[in-house]
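> Can you read through this structure? Questions will come right after.
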Amino acid sequence: MNSSSAFNYFFRKSPLLRTLLWILFAALFTFISLFISKKLKSLPEIKELTPPVGSPGDIVIINGHGFGNSKDSSCVDFGGNNLTASSYILWSDEQIKIVLPPDFQDGLVSVKTKNGRSNPAFFANANAAPVAIMPDKASILPAITSFSPESPVIGGELIIYGTNFGTIRDKSQVFFSIQRGENRLQRNENDKSGMESKENLRFIPCNEDDFDYEYWSDNEIRVRIPDGAVAGEVYVQTAKGKSPEVFVKVSGKAGVKAFISPKTYLIQTAVDIDDASSDKDSSIILRCPYPYVTAAQPLVQLTNSKHEPVIENYQHSTIYQVRKDNGKEEKKRFSEDFMIYVYETRTEISAAKLGKRDGINTELYEYATRADECVPSDDEAVHDLLKKIIGNEKNAYNIAALVYNYMTENFTVLGDIRRGKISPIDLIDKKHGDAYDFAMIFTALLRAAGIPALPDSGILIGADMKAQNHWWCEFYLSEFGWVPADPALGAGLEYQLWRKDADVRKYYFGNLDAQHILFSRGWNEIKPSSPQNKTATRQRTFALQEIWEEALGKNIKYSSYWADPVVLGVY
């Protein structure tokens, strides 16, 4: 029996031999696997080059692992050449810092150690990198080629054709000319009213709150002519720049509107949060009213705030978040200083030349004629009073004038603001009410007549520099735009007048002085972050909004004090 046969015989007959041989093979396989794994693990690996592009003399950081705790014989290979010893600033197992030599070449970078070469990473020499040819700026800027119709009316649709408007609007805007400063009604050429060099006041953008933007594509825009626009230049502003200005003849057949005698105010609002305590990770969200931007109030700037807001202007309010931990915290004040530029508004209207109601933007019409939280235009008492006032009158301007005259003649305005759970409908029954009641009932009567109307809320600044919460109105006329009215002042509400020569009752229908600071137009419906959050609102104050405070979390306890706005300066 030869040796091979003997081995086969004993292998078959001896279980012990077979077991030992299997153990030997397993041990050998395990040793080889561990050796290969250890070898692979010991290879250096590059995870990141910072920066990936550089010039001679720049510092480059190579992050990774397996480089070794000391350089020894290891090196970095740049574009096929090993860096010299003077190029190394730091060498550790997970990071290498080098200075690029004058003659380095771009290409693949790798780290070589005694265990092998790392994976490659790419690095570019900035001096040798190709320079992209910038496109001609004119080829990316928006450009207007034509309009349809050629002579649009206020509130009417205008189609703008052109190029490079962008496929979506995002923050892009369309701007129209507006005339300010000169008193067009009195033709006073010397009244420049402090226009100075505020070039941007020559134009007004389409107003999102009036639903002026209807369609936007790269070659076509459809908008409504914004309130206050006049015949003049139009341009489109996108993220890529401004289009050349193109003339469009905006017509105003029904009358004229002028913005004159501007004033600049510095206004401060504030809220104090005190005795706050809550469970961990709870917070309070404050929604501080942010003044509106309109044709008559074109500049609003937050110049200073006590704390950094989360969002400066969202849904017409500044958002602050007060985070709370276990235990009580000291009182915090959130104050804001606003610089606000306001014009006096004057109108002259020919009622017979007004456009038809069906020419009003459908979305605007539906929004500004429905009943809401503030305006009880669906109340039976409102409809009964409206019939008594207007009879068979159909003209929108004449209806508004009849309502205004009736209220200023038959209702008494109170100087003090009524408090508690009360309704402005009381004004109809009791024949007296505060400025809030006057504004809401005037708006409700016009809405009941099918005339778009908004209650405005803000502050009224007297000649004594004192501010008081106040409410007034504006109503919309087809092919003319918004018309201001302040029935409370028309009814004789006492305040320190700036104008001594005006017939107050006559003046505040169709005109508005520059002492009205606007904080809200209509009822601002704000939804809470979560239906489970506790919210708080404030009645009959300088802004008409659904939520002022929102508490997130459990077991939140705090007190808040909202101060009325104060005047810091008039310029």
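> If one takes the longest principal axis of the Cα atoms in the chain, at what angle in degrees, from 0 to 90 and to the nearest 10, does the Cα axis of helix 396-410 lie?
Rounded to the nearest ten degrees, it is 70.
> Go through 434-446, 78-90 and give me the packing order, highest mean Cβ count within 10 Å leading.
Order by mean packing, descending: 434-446, 78-90.
> State whether the chain is rounded, prolate or oblate according to the following rule on the C-alpha gyration tensor (a ≥ b ≥ c being the square roots of its eigenvalues): a/c under 1.5 gives rounded; otherwise a/b larger than b/c gives prolate, and the remaining case gives oblate.
Judged from the Cα gyration tensor, the chain comes out prolate (a/c at least 1.5, a/b above b/c).
> With a Förster radius of 60 Å, plug the Cβ-Cβ distance of Tyr215 and Asn81 into 1/(1 + (r/R0)^6) and report the FRET value to the nearest 0.05.
After rounding to 0.05, the efficiency reads 0.50.
> Please compute the length gained on full extension between Ala563 and Lys171, using 0.36 nm multiplied by the number of residues separating them and subtracting their Cα-Cα distance.
Net length gain for the segment: 137.8 nm.
> Here's another thing I want to ask about it. Using r as the Cβ-Cβ distance of Ser350 and Asp274, and R0 as 41 Å, what FRET efficiency do you calculate, to the nearest 0.05?
The formula returns an efficiency of 0.15 here.
> What angle do you read, to the nearest 10 degrees and between 0 and 90, between the alpha-carbon axis of helix 3-13 and the longest principal axis of the chain?
Rounded to the nearest ten degrees, it is 50.
> With just the Cα atoms defining each centre, how far is the range 378-417 from the range 515-571? Give it in Å.
The two parts, judged by their Cα centres, are 30 Å apart.
> Also, quick follow-up: Hey, what's the chain come to in accessible area per residue, 1.4 Å probe, Å²? Could you put the intermediate results ahead of the total?
Details: 28900 Å² over 571 residues.
For the chain, the solvent-accessible area averages 51 Å² per residue.
> Based on DSSP H runs of at least 4 residues, each adding -39500 (n - 2.57), what is the mean residue ellipticity at 222 nm of the chain after dividing by all its residues, to the nearest 500 deg cm²/dmol?
-5000 deg cm²/dmol
> If you don't mind, another one. Put +1 on the Cβ of each Lys and Arg and -1 on the Cβ of each Asp and Glu in the chain; which of Ala121, Ile425, Phe247 then has its Cα farthest toward the positive end of the dipole?
With unit charges placed on the Cβ atoms, the residue in question is Ala121.
> Rounded, prolate or oblate: pick one for the range 393-520, where a ≥ b ≥ c are the square roots of the eigenvalues of its C-alpha gyration tensor, a/c under 1.5 means rounded, and failing that, prolate if a/b is larger than b/c, else oblate. Working shown, then result.
On the way: a/c = 1.56, a/b = 1.17, b/c = 1.33.
Here the range 393-520 falls in the oblate category.
> I would also like to ask the following. Using a Förster distance of 25 angstrom, determine the FRET efficiency expected from the C-beta separation of His307 and Ser530, and round it to 0.05.
With R0 = 25 Å, the Cβ-Cβ based efficiency is 0.60.
> Okay, moving on. Taking a ≥ b ≥ c as the square roots of the eigenvalues of the Cα gyration tensor of the range 358-437, is the shape rounded (a/c under 1.5), prolate (a/b larger than b/c) or oblate?
Oblate is the answer for the range 358-437, as a/c is 1.5 or above yet b/c matches or exceeds a/b.
The values are calculated or read from the model by the stated rules, or taken from the named source; none is laboratory data. Nothing here was measured: the structure is a model prediction, and the numbers come from that model. Reconstructed Cβ throughout: ideal geometry from the backbone, glycine too, with neighbour counts over all protein chains shown. Note: areas computed on protein heavy atoms with side chains; ligands, DNA, RNA excluded. Shrake-Rupley method; radii C 1.70, N 1.55, O 1.52, S 1.80 Å.
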